[in-house]
Amino acid sequence: MIVDQETEIQSYSLEVQIFKVLTHPARLAILEVLRDGEHCVCHMEAHLGFRQAYISQQLAVLREAGLIQDRRDGWNIFYRITDERIYDVLSAVRRFTGENDPELQKAKTLCTCPQCSSRGSMGIK
Ligand SMILES: [Zn+2]
């Protein structure tokens, strides 16, 4: 029956939604930055070199898909992964392509977020 086939196809809609969100290099890069914990937009800006507006735009997509959530703390909004198992998905894809999980790159510019400043004034003084 045609109706049954449609139901079967619809049952993939959640997976499709997740995969759609993942088919974007900037979003994958953002997820990698969030691998070591919650971060603010300025932190991602410093690490990825994207404009803040662009990062916010991608964060909104990730949040809408339920992959990340945000938390306001004073002037800052921190973003974190909702479910760490998303990294299982990314790692599985990399096993498939033969790539390693990327090492988190050093910040391209200095990040002034509270987390980075409190993490010790690493060499810069
Ligand atoms: Zn930072």
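Just for region 19-59: of the residues that are within 16 Å of the ligand (Cβ to nearest atom) and of a type in the set (Val, Ile, Thr), which one is nearest to the chain's Cα centre (by Cα)? Here the residue is Ile30.
Does Val16 meet the test of being under 12 Å from the mean Cα position of the chain (by Cα), more than 26 Å from Cys111 (Cα to Cα) and in a helix (DSSP H, G or I)? Considered against the rule, which asks whether it is under 12 Å from the mean Cα position of the chain (by Cα), more than 26 Å from Cys111 (Cα to Cα) and in a helix (DSSP H, G or I), Val16 comes out as no.
Taken as a whole, the condition of being assigned to a loop (DSSP other than H, G, I, E, B) and either acidic (Asp, Glu) or out of contact with any Leu (no Cβ under 6 Å at 6 or more places or on another chain) (or both) does not apply to Asp70. Listed by first and then second residue, the pairs linking a residue in region 102-122 that is under 27 Å from Ser91 (Cα atoms) to a residue that is within 12 Å of the ligand (Cβ to nearest atom) and modelled with pLDDT of 75 or more, with Cβ atoms under 6 Å apart and 6 or more places separating them unless they lie on different chains, are Ala107/Ala46; Ala107/His47.
Name the residues in region 48-101 that are aliphatic (A, V, I, L, M) and without any contact (Cβ under 8 Å) to a residue 12 or more places away in the chain, would you? Quick ask: steps written out before the conclusion?
Of the residues in region 48-101, the ones aliphatic (A, V, I, L, M) are 48, 53, 55, 59-62, 65, 67-68, 77, 81, 86, 89-90, 92-93.
Result: Ala53, Ala60, Ala92, Val93.
Looking at Glu45, is it out of contact with any helix residue (DSSP H, G or I) (no Cβ under 9 Å at 6 or more places or on another chain), in a helix (DSSP H, G or I) and modelled with pLDDT under 95? In short, no.
The values are calculated or read from the model by the stated rules, or taken from the named source; none is laboratory data. Quantities reported herein were computed from a predicted structural model and do not represent experimental measurements. Every residue, glycine as well, gets a Cβ built from its backbone with ideal geometry; the counts of neighbours run over all protein chains shown.
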